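Take a look at the structure below.
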Amino acid sequence: MQNSRTLLAVLAWIAAIAGLIWALNIGAIEPIDPAVMLTAGQVCETPGCAQPRDIELPHHFPARHAAGHETRHLRFDMSLPKIPDSLQALYLPSYADEVFVSVNGAQVYGNELTDRQPARMWNIPVLATVPQSLLQPGQNRIEITLYGYPQEGLVLEPFHFGEAQLLTPHYNWRFITSAGMARFNLGFMTIAGIMLGIIWFARRSEPIYALLATSCGFACIICIHFGFDTSAIGYRWSTLIWQVSVSIYVYLIFRFCNHYIGEGLKPLETVSLVLIIAELAAGSLVPAPYLFDTLLLFKLHPAILSFLVLAVLLGNRSKIDKPDLRIFFFFLSMASAMGVYELYITAVVDPGRNQHIFQFMPLAMLCVCLWLVISRFMLSLRSYEELTGTLKQTVAAKTEELRLTYEKLGQAERLKAINNERQRIMLDLHDGIGGQLVNTLAYMQNNEKGDAVIKTALEDALRDLSLMLDSLETDASISTLLGMLRTRLETLLAEHALEFDWRIDDEPELPHPGPSQNLNLLRIVQESITNIIKHAEASIITIASDRNSITISDNGKGFDPRPDGRRHHGHGLAGMRRRAGSIGADFDLSSDPGGTTIRLVWR
Amino acid sequence: MAETVSHSVLIVEDRREIALRLKSAIEKTDELSVCAIADDVDGGLNQLYAHRPRIVLVDLGLPDGSGIEVIKAVSGADWTCEALVVSIFGDEARVIDALRAGARGYVLKSGSLAAIGKDVLSVIEGGSPISPQIARHLLAMVSSGTAGSSEGAPQIDLTNRETEILNAVAKGYKRREIGEKLGISTGTVGNHINNIYQKLNVNSNTEAIARATRMGLL
């Protein structure tokens, strides 16, 4: 329903344009003052003109179904008061197909009529100069021989006799708007076709350009038909080629529109293709007398298809940019209307209009192509600019990222170097000093030599070295360091009948983590534990931790923590406080007869 | 006196006094006897095949090479034999290598060596000594594995329970405490730790196979 309404709208629109062209009466043959316009003459059955018959121009000899060609002889009498001073001329705006003109028996236009194909000059006006010497005062006779194809009918429109200088501009204008326009467009279409072909070659992914380039090629063939004599290749083939070119041309435009819109009208395309093949077959096989009418019948196909093109455009207007739609629709409907008009004046015997205008059609097509290329170009220019903008931003962001990565990489390299060096020193301490200490202790034990002070000093040194190595080893986890401390002290505790109550849960996180901070923390914890072993007379040591604190408490006898109380130099409280300060922790000590609690708290 | 099966122990330790101290500490345990003491890799390998001991105590830093070579020989031995690393401190990186080579654990020689006999016996009974540091390191291997880390970094797959246990060990908890916390027996905790060691070892074996395949040896 929607579609048929669109199609009706298109039909009305085309009818309106075609009607407008009709009303404009382009190429109407008017008298040119002071030249003589000849309209009354006689037609002869034979060159000798045995039985003349009066006629009025324009005269259309009816088309007949006959092969070959026919000749018509006409004569016009014109009286001149005197021989003119200036050069005279005959100007024939329109006729078909070929014309021979003689004045007072002398040939002024056209070669000797021989038995050959009539030249296809129907779209080329004639200006034949008439030397004054041929003219005579009084009655002068102009003989015109028409030579053409009976299927299309022979035609002679009114013509003019007058001063050559006066008639030349009229002739020029007529020529430019008919054959000249066709030749002009032939050049245009060739260039456009080559350019579109190059674009397509560079952008194979966009078949739209291939379609347009090919359609330009077929438009060229149409232009040749309207601009040149094509009789050399024979009537059948020249007619078939140009008529089928029209069908293929419209078919390509249809495909172009479908492709542009993204509409899948494959079935219609196939039907159109089948009709083109049928047209070719019929054109090649139909008996010669019926060739023209048969092909004319097939012209219904491109006509209807061109309406469909417009209907498809209109039906999908939401999918097309407004400017694109306007340009496409306007120029394509102009082309379609020209086609309808052309079809009409070709098919009707006496159409009342004598100027063909279909040679203008490629211009409309050219506008569509140009617009398409330009709008695409603008579009890609715009997106290119946008892309450049985004690219610049991306490049800036990536550069910054890269810089940061390099920075991190540099840091990682430094860290790795530090780590390697640390590993080396650790290994040296481990195998060197550590080995010596253990070996010495073992010697003392094996041989039961040495005194208790040296032994204790060595053991303390060994424990401190362990602590240092541990804190370097696992710098990330305080809970693991505490665990290692427990492992080392477990036997010592057992010797003193002490036990751990282990309550390490959340991983403690120091304000400024690092190996030396960890070492300071561990020293505080270790010293607290050794203090308990030495002085507290406790049975259980509780170690507890959360994210922000570590607590070491015992169930021993306690002591007076005040500086002025019982002296506790051995406890090294001052050193522990100092260490706590260096890792950013508060050192909290409370003691009563039920036990002592040391709390390290940080934020 | 009751019949006791005596397990022979080979000591590979380059420091004379430590070796002697280890020997006397071990011989205080009835079930153990020291069959030989070697002071380098070469001697250790010779004594290993000469005495076919049940347990080998290996120091890692030896004058003519790494104790890991001895551990590898122990892994490939055709009799029941297990290697224990004796380390002064934790020295995690080297100990992990030793574990991957097939060591059953390690004992610290920095503290009192009185408990060493007990450690050796626990290994013979199927236990695997582990320290918080080693547990932490194994956990790192698991997490780096999930992150799809770099070429050289080895990785192991652990069950949730195994990860849980390693986490507790890394915080300093003992097997008994972990068992109480998780509601399982101390022995089960030990089994889990054995499994983790097993995976570490298997993992290093599959890596070796993969490497050999790449090199066209298999």
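Numbers below:
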{"quantity": "Condition broken by B:Val169, with the remaining ones in (1) at pLDDT below 70; (2) not in a loop (DSSP other than H, G, I, E, B) satisfied", "calculated": "(1)"}
{"quantity": "Filter pass, B:Gly61 being under 29 Å from B:Arg136 (Cα atoms), within 14 Å of chain A (Cβ to nearest Cβ) and free of Cβ contacts under 8 Å to residues at least 60 places away in the same chain", "calculated": "yes"}
{"quantity": "Odd one out for A:Ser215, checked against (1) small (Gly, Ala, Ser); (2) free of Cβ contacts under 8 Å to residues at least 60 places away in the same chain; (3) assigned to a helix (DSSP H, G or I); (4) within 28 Å of A:Ser318 (Cα to Cα)", "calculated": "(2)"}
{"quantity": "Selected residue (criterion: nearest to the chain's Cα centre (by Cα)) from residues of region A:468-488 that are more than 7 Å from every other protein chain (Cβ to nearest Cβ) and at pLDDT 85 or above", "calculated": "A:Ile478"}
{"quantity": "Selection from region A:455-467 of residues that are closer than 22 Å to B:Ala25 by Cα and more than 7 Å from every other protein chain (Cβ to nearest Cβ)", "calculated": "A:Lys455, A:Thr456, A:Leu458, A:Glu459, A:Asp460, A:Arg463"}
{"quantity": "Pairs, first more than 14 Å from chain B (Cβ to nearest Cβ) and more than 13 Å from A:Leu472 (Cα to Cα) in region A:409-432, second at pLDDT below 85 and not in a helix (DSSP H, G or I), C-beta under 6 Å, six or more apart", "calculated": "none"}
{"quantity": "Hits in region A:490-504 - residues which are within 8 Å of chain B (Cβ to nearest Cβ) and modelled with pLDDT of 85 or more", "calculated": "A:Trp502, A:Ile504"}
{"quantity": "Test for A:Met444: is it under 30 Å from B:Ile18 (Cα atoms), of a type in the set (A, V, I, L, M, F, W, C), out of contact with any Asp or Glu (no Cβ under 8 Å at 6 or more places or on another chain) and within 14 Å of chain B (Cβ to nearest Cβ)", "calculated": "yes"}
{"quantity": "Flag if A:Thr346 is at negative phi and touching a residue at least 24 places away in the same chain (Cβ under 8 Å)", "calculated": "yes"}
{"quantity": "Subset of region A:59-99 that is surrounded by 19 or more Cβ atoms within 10 Å (Cβ to Cβ) and small (Gly, Ala, Ser) - its residue that is nearest to A:Leu295 (Cα to Cα)", "calculated": "A:Ala96"}
{"quantity": "Breaking point among (1) touching a strand residue (DSSP E or B) at 6+ places or on another chain (Cβ under 8 Å); (2) away from every other protein chain (no Cβ under 13 Å); (3) of a type in the set (Gly, Ala, Ser), for B:Ser87", "calculated": "(2)"}
{"quantity": "Which listed residue is in the same structural domain as A:Ile374 (by TED's automatic domain parsing), at pLDDT below 90, at negative phi and part of a helix (DSSP H, G or I), from A:Leu295, A:Leu314", "calculated": "A:Leu314"}
{"quantity": "Qualifying position, being without any contact (Cβ under 8 Å) to a residue 12 or more places away in the chain, over 24 Å from B:Gln133 (Cα atoms) and either among the charged types (D, E, K, R) or surrounded by fewer than 20 Cβ atoms within 10 Å (Cβ to Cβ) (or both), among B:Asp39, B:Asp78", "calculated": "B:Asp78"}
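The rows are residues; the columns are (1) of a type in the set (Gly, Ala, Ser); (2) touching a Phe, Trp or Tyr at 6+ places or on another chain (Cβ under 9 Å); (3) more than 18 Å from B:Val107 (Cβ to Cβ); (4) within 14 Å of another protein chain (Cβ to nearest Cβ).
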| site | (1), (2), (3), (4) |
| --- | --- |
| B:His7 | no, no, no, no |
| B:Ile11 | no, no, no, yes |
| B:Ala25 | yes, no, no, yes |
| B:Ala36 | yes, no, yes, no |
| B:Gly44 | yes, no, no, no |
| B:Gln47 | no, no, yes, no |
| B:His51 | no, no, yes, no |
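The values are calculated or read from the model by the stated rules, or taken from the named source; none is laboratory data. Bear in mind the structure is a predicted one, so any value in this text is a computation, not a measurement. Here the Cβ is made from the backbone with ideal geometry for all residues, glycine too, and neighbour counts use every protein chain on show.
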